[in-house]
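Remarks on the structure that follows.
Derivation of every value follows stated rules applied to the coordinates shown; laboratory data play no part. Just so we're clear, the structure is a prediction, and the values are computed from it rather than from any experiment. Cβ sites come from the backbone with ideal geometry, for glycine too, and all protein chains shown count toward neighbours.
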Amino acid sequence: MPGTTGIDYFLRRRFGTPLYAILGICAALLLIACVNLTSLLLARVLSRRREISVRMALGAKRSQIAGLYIVETGILTIGGMAIGLLAGTEIARMLLAKGESIFGNFHLELTLDTRVVIFLIALVVLVLAAFAIASAWYAGHLSASPTLKDSGRGVIAASSTVQKVLLGTQIALTLAFVTVSALFSASLKNMYGIDFGINPRNVWEMLLGERPKNTDPVAYYRGLLQQIELLPDMQS
């Protein structure tokens with residue numbers, strides 16, 4: 001049966017909000033990783049400014065410089081996308097296998113969603129387009145420099161500003177993430193410290209179905225409890 005709308009409404013109502021929270025945490029981590037990667041790529045571009053200046057002096061066009069960066073960035077982006085896709089698929093299968101071993105009453109086939117593929121392709125195109133524009137702008141600044149000695153001064157100043165913005169963003173995101181994680185850990189610790197009067201470990205919660213008609217409730221539930229107590233590893 002298709003599970004587009006969920007297995008049942010109770011699961012969606014119970015786990016919908018926590019899943020949105022997890023999605024937000026993943027987005028924050030991804031944003032931090034992207035800022036780190038952008039900083040590394042910017043530092044790499046600055047370290048190659050003399051090489052690019054020489055290429056421009058020898059007659060290289062801005063489109064050729066942009067193509068150079070697009071190829072290098074494309075290899076990095078597509079490689080990272082492929083590794084992430086394979087790792088994500090394998091982790092999802094592990095989680096589904098764990099769920100099947102716990103509940104034992106369902107089996108889900110994991111296939112690659114077309115929407116995920118379209119999203120990944122659009123993301124790669126967006127990243128490559130951004131780097132093409134940035135590299136063309138960078139090459140234009142170098143070509144406008146009168147000498148090799150003075151070339152890149154304006155680029156360095158502009159890049160320093162970009163680095164400061166990226167560094168500030170990275171620190172802000174990391175501090176926010178660490179603060180929220182610390183608060184979550186403290187709340188979780190306090191929650192585990194609550195005395196419920198029972199040991200919550202190895203406790204199963206059951207949802208009973210409708211009682212058959214024309215049956216004595218007392219006898220029915222007493223017999224049901226006796227059957228449950230006969231299950232393997234049942235203590236109480």
(request) Order the peptides 37-47, 221-231, 52-62 from the highest to the lowest mean number of other Cβ atoms within 10 Å of their residues. (result) 52-62, 37-47, 221-231
(request) Enumerate the residues in region 28-45 having an amide nitrogen under 17 Å from the point lying 7 Å beyond the Cα of A176 toward its Cβ. (result) 28-36
(message) In Å, what Kirkwood hydrodynamic radius results for region 48-126 from the alpha-carbon pair distances?
(response) 16.1
(message) Full-extension gain between L11 and L46, please, as 0.36 nm times their residue separation minus the C-alpha to C-alpha distance.
(response) 7.5 nm
(message) Which order do the peptides 80-87, 11-18 come out in when sorted by mean C-beta neighbours inside 10 angstrom, highest first?
(response) 80-87, 11-18
(request) Pop the C-beta distance of M191 and D233 into the FRET formula with R0 = 30 Å and round what comes out to the nearest 0.05. (result) 0.65
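Which whole number of Å³ per residue matches the convex hull of the alpha-carbon atoms in region 6-68?
It is 101 Å³ per residue.
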(request) Please identify which residues in region 20-60 have an amide N closer than 13 Å to a label point set 7 Å out from the Cα of E72, following the Cα→Cβ vector. (result) 40-55
(request) Can you tell me the order of 186-198, 168-180 when each peptide is scored by its average per-residue count of other Cβ atoms within 10 angstrom, highest first? (result) 168-180, 186-198
